[in-house]
1. Considering (1) more than 16 Å from ligand 1 (Cβ to nearest atom); (2) more than 23 Å from the chain's Cα centre (by Cα); (3) more than 28 Å from K118 (Cα to Cα); (4) part of a helix (DSSP H, G or I), say which one D210 fails and leave the rest.
2. Specify the residue that is surrounded by the most Cβ atoms within 10 Å (Cβ to Cβ); the eligible residues are those in segment 244-302 that are of a type in the set (K, R), more than 21 Å from S58 (Cβ to Cβ) and more than 16 Å from ligand 2 (Cβ to nearest atom).
3. Would segment 91-114 turn up any residue that is crowded, with 22+ Cβ neighbours inside 10 Å and free of Cβ contacts under 8 Å to residues at least 40 places away in the same chain?
4. Among the residues of segment 18-34, are any within 23 Å of the chain's Cα centre (by Cα), hydroxyl-bearing (S, T, Y) and either surrounded by 18 or more Cβ atoms within 10 Å (Cβ to Cβ) or in the same structural domain as D134 (by TED's automatic domain parsing) (or both)?
5. Name the residue, out of A79, A48, A70, A37, that is away from ligand 1 (no atom under 14 Å from the Cβ), in contact with a helix residue (DSSP H, G or I) (Cβ under 7 Å, 6 or more places away or on another chain) and modelled with pLDDT of 95 or more.
6. From the set of residues in segment 129-150 that are surrounded by 18 or more Cβ atoms within 10 Å (Cβ to Cβ) and outside any helix (DSSP H, G or I), which is farthest from ligand 1 (Cβ to nearest atom)?
7. Taking segment 1-34 as the search range and keeping residues that are part of a helix (DSSP H, G or I) and among the charged types (D, E, K, R), which one is modelled with the lowest pLDDT?
8. Give me the pairs, please: first residue somewhere in segment 14-39 and more than 24 Å from L55 (Cβ to Cβ), second residue anywhere and basic (K, R) and not in a loop (DSSP other than H, G, I, E, B), beta-carbon distance under 6 Å, and either six or more positions apart or on two chains.
Amino acid sequence: MANQEIHSEYGGVVPELASRAHQQNIVPVVQQALQRANIVKKDLSAIAFTKGPGLMGSLLVGTSFAKSLAQGLSIPLIAVNHMQAHILAHFIEEDTQQKPPFPFLCLTISGGHTEIVKITDYFSMEILGSTLDDAVGEAYDKSAKILGLGYPGGPLIDKHAKNGNPYAYKFTKPKVGDLDFSFSGLKTAILYFIQREVKLNPSFVKENLDDICASIQETIVNILMDKINNAVKKTGITHVAIAGGVSANSEIRKRLKALEKTRGWTTYIPKFEYTTDNAAMIGIVGYYKYLSQSFDSNDTKATARLKVDE
Ligand code: KG4
Ligand code: ZN
């Protein structure tokens, strides 16, 4: 396990630093994983790696390393789509987790993506709606930056929001299509609001941090719930999942769960440890692709922009 705490100092992921850290950590991390699983390299049957989407420098390190390892061990190579992996994380646990039946809808929310996806089979996915600008994770991270909180901002806003009044301040919701999202206007509205208030009272943020966070969170969660509701209405599919880093959010989890009772949906909320980026979600995709012998050739390319249906 290796995390990249350095990014919190800069208020975001610095691509150059991320690539260097990947290069430094990849060999020891793989060694640790083998040790912890109590296996050796020759026990492996295939190598799964993240092909994209993501930061090119980090993807290149992983792709090159995976290819070399697969070639050295003469075993198959399996390219994994990071967004499919977030969704298929719902299938990691054998018994402890209720698995969504096909077809189901998934609100896929991370630092780079905000999508409503219809999943008809493990590798048959269709995007029904997505963000026209910023991702919801970015909205959290940028709001946190405006408030002088650290990075990643999502968990920090979530924490402060728990003690605040969600109706203290009102931010308008964007006017976009039924299943589309837009978060850049919200970020600007928050920036102007804070600038205005700080002019009147320099301690405004400090004195009202919990209420500000709760109000931001309320706006974001309402937008997400409206959109998923639209998707259920449109498709008639009432099995609804969430996935991606932002699905760690306590309010989103609570509000979605509550819809089971009020709307009669069945909801699927991933275990906390499978929400933000993790290796198990790449592993589960590798597993299903291995079962169907869906392997990739050695000229597979890392791809910074990759859609969930690619
Ligand atoms: O999926 P992820 O780990 O990485 C990407 O693929 O982007 O998602 C990271 C995002 C960050 O924007 C982070 O602020 C957000 O997930 N996040 C949260 C929470 N935990 C992580 N957002 C809101 N509430 C949380 N509790
Ligand atoms: Zn992710």
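The values are calculated or read from the model by the stated rules, or taken from the named source; none is laboratory data. Keep in mind that what you see is a predicted model, and the values were worked out from it rather than measured. Note: ideal-geometry Cβ built from the backbone for every residue, glycine included; neighbour counts use all protein chains shown.
1. For D210, the failing item is (1).
2. The selected residue is K289.
3. no
4. No, because not a single residue in segment 18-34 is within 23 Å of the chain's Cα centre (by Cα), hydroxyl-bearing (S, T, Y) and either surrounded by 18 or more Cβ atoms within 10 Å (Cβ to Cβ) or in the same structural domain as D134 (by TED's automatic domain parsing) (or both).
5. On inspection, the qualifying residue turns out to be A48.
6. Checked segment 129-150; the qualifying residue farthest from ligand 1 (Cβ to nearest atom) is G129.
7. Once the filter is applied, the top-ranked residue is E9.
8. none
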